[in-house]
Every structure is written in structure tokens, then in C-alpha cells.
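Here is the structure we will look at.
The values are calculated or read from the model by the stated rules, or taken from the named source; none is laboratory data. Fair warning: this is a prediction, and the values are worked out from it, not measured in the lab. For neighbour counting, all protein chains shown are included, and Cβ atoms are generated from backbone atoms with ideal geometry for every residue, glycine included. What goes into the accessible areas is simple: the full protein's heavy atoms, side chains included, and nothing from ligands, DNA or RNA. Shrake-Rupley method; radii C 1.70, N 1.55, O 1.52, S 1.80 Å.
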Amino acid sequence: MATSVDETDQLRDYILVKQEVSEVIRTARQLFQMQGRTESAEQCQALLVKLAEDRFNLAVMGQFKRGKSSLMNAVIGRDLLPTGLLPLTSAITALCYGPQERALLRRKGWSIQQQISLDELVDYVTERGNPGNDKGLIEARVELPARFLRRGLYFIDTPGVGSARQENTATTYAFLPEVDAVIFVTSVEAPLSETEKNFLYDIRQHVRKLFVVVNKMDLLHAGERDELLRYIHTEIEQTLGESNLALYPISANQALAARLNQDSAALQASGLLEFEAALTSFLAEEQGRAFLIATLDRALSIAASEASSSTTPAAPQAPLAALLTKTESLRAMLLSGAPLPSTYNLDGPDATDMKVIERAIAASHPRQSQDNEQALLRSSTCPICERQSQAIFDFFAQWQYRLVVDGTARRAFATAHGFCAAHTWQFQQIASPQGISEGYAPLIESIVDELHHVNGRSPTQAAAHIRTLLAGAETCAACQVLRKTEAEQIERFLPYIATAEGRRLYDSAEGLCLPHLCAVLAASPNNEVAEFLIDEQARQLEEISEEMHSYILKRDALRRELWHARETSAWRRALVQIVGERLARVG
Ligand SMILES: Nc1nc2c(ncn2[C@@H]2O[C@H](COP(=O)(O)OP(=O)(O)OP(=O)(O)O)[C@@H](O)[C@H]2O)c(=O)[nH]1
Ligand SMILES: [Mg+2]
Ligand SMILES: [Zn+2]
Ligand SMILES: [Zn+2]
């Protein structure tokens, strides 16, 4: 199905609001867990599962041979579902999203699903291959990497009713209670038979949303069209008592051919695009809304019963009240029918939000235990690098936790555009996939917003704007932690190195790396200290180079047993000397 930017936007907005809803419920679950309200926490958990599944059954139904399977093929743009002259579809066949094409069968009495190739589908879902569903198929599920199926949509083909095959009618009727919305397909050859009217009536009792498609318009002569549509409209009005049901006249065969030939004029003429537009906007707007409102209603009732419970300690009532307010405002927004605003704008970060990052940076410290000046010089590597490595590790661990538990932190992180490239990968090494998914999704969404915003500008302007979305060393919070730690450590290092004890210890210590030597020199020590440090640095580097040479020599002579620890570690110390420790590098 073709998706315009507008339609894609609607889908995205739904996903964002859905995330907002799930965040509210997750927060509630955490709150209840902390208070030991296990039952309510479990109820919230069940709601989250339902949100995650988000299965919406959109079924194509109608009398046999009206072109249901053909319509679905036209929508997905390929000749996938078997179609034919004789009554054909004999089992429920659901198309849903999957990263790779595959077909899975659920069968009566089988505990596991059977995987078949798409070509074999005809042996299971058609009258010829599986007459009257003798093979006991409960559902064939075809997974396709099709975008419009992504959001939990199950697009379902059903056997036609009213044919000589009673079993087919029974199969479809039995499926009716599971259906969330229906596309009813009739066609021009025999518009709205008695069977169809009865079926339509039965469908109406089960679903809130009904689309009526009038197929095979290509069989009509020019001039017959309006009269026929008027007739069908009147019949439906009499059957259902509804006068505002839209009809979608199409030719599924022409539409599929047009899609396969990439003939956009013919596709337009087939009528399919108008139907798809209505379908997509329904899926994006009404379906999502109804689903989310129902979910919030259940969340509210859980929260309300907790709020009124007298055994809950007084202190945590404030967060619960805040949560209730949030839930109610989300629900009101969904109920109002206004276009869904994207979460990012709905609850954008403000200045106080950004303080979360500043506070996290300020709170980051190297490990404190026994950290006096002597300890500074007992490091096994550049002492400033070592403190920075500790501080950054501590910061990452704290921040990954914040991202999971705190929506404000996520929004602030999105606004700051994440970390610089080097720190992104360092963070990745300590964060879990879940932590990364939670922390980075809002960031990715904010970039999507910006891309829509920038599209249409000149390429140069667009590139300039997109570049502002990339984090650099200036904005990167991790880089700021390093800079702060460096400044703090230099402030301790300088006065100590000016003392006799400091110099004595420094002589036998690992010494600074060259980048940190520069930083220390830039902090204007007196000349004597500066000369001492540069002298020491030269001596250290000389030793390292000797050790590296002797390492090579002993290796060439196959005398490994002669290596000593300084020699085997010389190569690493050499690297640290010239660029500093891995975790201590800014940007
Ligand atoms: N002329 C014309 N024929 C169509 C069109 N769409 C479908 N058909 C034909 O109608 C016949 C039935 O099509 P199917 O898609 O198998 O119909 P169905 O509703 O899935 O049939 P059952 O599964 O048996 O209920 C086939 O021969 C199709 O080629 C159309 O737009 N125009
Ligand atoms: Mg069919
Ligand atoms: Zn260093
Ligand atoms: Zn950085």
C-alpha cells in the first residue's frame, strides 16, 4: 500500500502516543512495586503485554467470489493469495508483519506451528488444496516485511459465505467475534444479494468500523456506475439503518495489474487509492485511539483503586496523583479527537529538564576511597587518565539507569543529541540493549521530526541543519564529565607536585600521558615544576623505547623467558603516553 508522508506521520504519531501511554503504565508499575502493591503491579504488567501485542484484526469479508482475495493482493501489490473462479478461500489467512517472508500454519491438534513456503499456501487455504478445511487449519499466518503491517495489523482473508460449501460459511462466522474491523466486499455482478444483506447485518453487530468496497467496477458500462452505487447505498441503508456509510468502488484486478506495471494513472483509475487512504487514516487515527483509550481506562481504574486504598503510606501518594493527572490528560487528548500531537512536542523538555544532565555530570566522581594525593601518584597509568576513566564509568552506569527510569532524562538526552561518537560506543559497551532502546528511541524520534522539518530546503541548508543534530565533544555529556574531572585533578596535582614529597613520589610513578602533560602545563605551573615535569616525561619515554627494543630483541631470539613485566607492557604504556587511556579521551 502506498503511504504518503501524511499517512506515515499519522502512524508515527500513534506509535509515539502509544509509547507515552506505556511509559505512564510502566511508571505506575514501578510505583506499585516499590510500595509492595504486587497485585496492581501485575495488572499494570498485563496492560503492558497487551500494548506490546497490539494485534488488530482487520478482516476482509463477503460472499464467495466477490474478489476479497484479489482486493488484498491489490493492496499488498503482489499476486500472493490464491484467487479464482470457483469458490476458493477455505481457511482464515492472516497477513502480518515479519522481517522475512514466511508462512506458518496453526492446525487443530498440533502443538507447534508448521512452517511452509509461500508457494505451498495454495495447498492449505484453498478449496482445491484443502476442501472445506479438511486439514483442520485454524489460521495460516503469512509474515511479510510490508510497512503497512508493521503496527500490529493483521490483514485477514476469510472464506466467502453463501456458497455450497457450508464449512466455509461456518469458518468465517466463527471468526467474526475476533474481528476488530471489517472490509466488506461486494461486486457489481450481483449487487447486495439477500445473503450479503444478512451477513452485513451480522457483521455490524460485532464491529464498530465497517468499510464497504464495491469491486469489479471494470465490468460496468459507462453510465451504469452512479445508478448502481445509489442502489447499493439504499440497500445498505435499509439493512443497517445507516445512511452515512461510504462506498468504495474499485477494480481489484486493474489495481493489481497497475501496481505490478507501476502504472500510476491506471492505479488512480482503479479507485484503490481512495480506499487505501480511508483505510490508512482509520488505522492511524480511530483504531489506535480506541485501543489506547481502553488501555488508559484500565490503567485509571487500577490507579484509582490504589489511590483510595488507606493502607498505602502517605508519602508515595504524590507521585501517584501526578500519574493520575498525566493519565487523565492523555485520555482527554485521545477522546477529544484532535490530531495526535507527537510525544516529543506534547511533553518537550524545558530548561529544568536539561538540569538532569547537568546534575548527572556534577555528580560524577572518580572512586573516592582512600583518594589522597599519594594515591594519585600510585596509579598504574597516567593518574589523571585513571581518575577520568573511573569517573566516566561511574557516569555511564548512573546514566543508563536514569534513562530507563526517568522520562525527563530521556527527553533531555534527546535534546542534547546523545553522546559524541566515541562515547556512544563506550556507552554501548556497558549499557543493555533495553537501556539503549529506551534511552535512544526519543532521540531518534526527535531526529525524525527534524528531518521532516528540514525537507524541502536546499541540500546545503539541509546538510547544515542535520549537522547540528549530531553531538560533538562540546555538547557531549560524557566529554563534559572528562573535562570536569581533568580540571579537578589538575587542581590537586599541581600544588602536590610542587612539594618535595610530590616530586619524590612522581619519580617512581607512572607519570602523565602527553595530552595531560600539556593540560598541566597550560594550567601555568611555575617554571621549576614545568621543567621537572618535562624532564620526567622525556626520561619515561626513553625508558619505554628501550623496553620496546629489548622486547623485540628477546622475541627475535626466541627468549621469551627473559621478558620482564615492564617490557611486555611497554607497548601499551607507549600508546597511553601519546594519546592517553581509552576511556579518558574527549570526543
Ligand atoms: N473483472 C474483474 N474480476 C475480478 C476483479 N476482482 C476479482 N475478480 C475475479 O473474481 C474472481 C474471484 O476472485 P477472488 O479474489 O478469488 O474472490 P474471493 O472473494 O476471494 O473468493 P472466495 O475466496 O471464493 O470467497 C476471480 O476470477 C477474479 O479474477 C475485478 O476487479 N474485476
Ligand atoms: Mg478468496
Ligand atoms: Zn592522561
Ligand atoms: Zn564525548
Relative contact order (%) - the chain, alpha-carbon pairs under 8 angstrom, separation at least six: 13
Sequence-distant or interchain residues sharing an amide H contact under 5 Å with residue 211, placed H: which? 182, 183, 184
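Taking the stretch 45-138, how much of its Cα-Cα pair set, in percent, is spaced more than 18 angstrom apart? Before the final figure, lay out each step's value.
Values: 2313 of 4371 pairs.
Cα-Cα pairs of the stretch 45-138 separated by over 18 Å account for 53 percent.
Provide the gained length on full extension for the span residue 550 to residue 508, in nm with one decimal, where the gain is 0.36 nm per separating residue minus the Cα-Cα distance. List each step's numbers first, then the result.
On the way: separation 42, 0.36 × 42 = 15.12 nm, distance 2.09 nm.
Between residue 550 and residue 508, full extension yields 13.0 nm more.
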Can you list residues from other chains, or at least 5 along the same chain, whose modelled amide H is less than 5 Å from the amide H of residue 102? 143
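Skip the ligands, DNA and RNA, and give the accessible area per residue of the chain with a 1.4 Å probe, whole Å².
Working: 28480 Å² over 587 residues.
Heavy-atom SASA per residue in the chain reads 49 Å².
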Taking the reciprocal of mean 1/r across every pair of different Cα atoms in the chain, the Kirkwood radius in Å is 29.5
How large is ³J(HN,Hα) for each residue in the stretch 69-85, as worked out from phi by the Karplus curve 6.51 cos²θ - 1.76 cosθ + 1.60 (θ = phi - 60°), to whole Hz, x for Gly and Pro? 5, 4, 4, 5, 4, 5, 5, 7, x, 7, 8, 9, 7, x, 10, x, 6
Can you list the residues, at least 5 places off or on another chain, whose amide H is less than 5 Å from the amide H of residue 138, using H built in the peptide plane? 106, 107, 108
Tell me, what % of the accessible area of the chain is carbon and sulfur with a 1.4 angstrom probe? 54
Tell me, how many Å apart are the Cα centres for the stretch 40-74 and for the stretch 465-501? 53
By the rule of another cysteine's Cβ lying under 4.7 Å, the cysteines of the chain that fail to get a partner are 44, 96, 518
Residues other than residue 113 with Cβ under 9 Å of its Cβ, Lys/Arg counted +1 and Asp/Glu -1, net out at +3
What are the lysines whose alpha-carbon lies under 19 Å from the alpha-carbon of residue 18, with same-chain residues fewer than 8 places away excluded? 50, 326
Could you tell me the center-to-center distance, by alpha carbons, between the stretch 428-447 and the stretch 137-215 in angstrom? 40
Per-residue HN-Hα couplings for the stretch 500-510, Karplus 6.51 cos²θ - 1.76 cosθ + 1.60 at θ = phi - 60°, whole Hz, x for Gly and Pro? 5, 4, x, 5, 4, 5, 5, 4, 9, 8, 6
Can you list the GluC sites (Glu not before Pro) in the stretch 212-248 that are in a DSSP coil and have 11 or fewer other beta carbons within 10 angstrom? 242
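Can you bin the stretch 454-587 into rounded, prolate or oblate? Criterion: square roots of the alpha carbon gyration tensor eigenvalues sorted a ≥ b ≥ c, rounded for a/c under 1.5, prolate for a/b above b/c, oblate for the rest. Present the calculation step by step, with values, prior to reporting the outcome.
Values: a/c = 3.43, a/b = 1.52, b/c = 2.26.
It comes out oblate by the Cα gyration axes.
In units of 2.2 N^0.38 Å, what is the alpha-carbon radius of gyration of the stretch 212-277? Could the numbers behind the result be given before it?
On the way: Rg = 13.1 Å, N = 66, 2.2 N^0.38 = 10.8 Å.
For the stretch 212-277, the normalised Cα radius of gyration is 1.21.
Of the beta bridges DSSP finds with both residues in the chain, what % are antiparallel, to the nearest 5? Let's see the in-between values first.
On the way: 13 of 40 bridges.
About 30 percent, rounded to the nearest 5.
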Low-density loop trypsin sites (Lys or Arg not before Pro), the stretch 509-587, at most 16 other Cβ within 10 Å, DSSP non-H/G/I/E/B, are 559
Rounded to whole Hz, the Karplus (6.51, -1.76, 1.60) HN-Hα couplings of the stretch 242-251, x for glycine and proline: 10, 9, 9, 6, 7, 9, 10, x, 9, 10
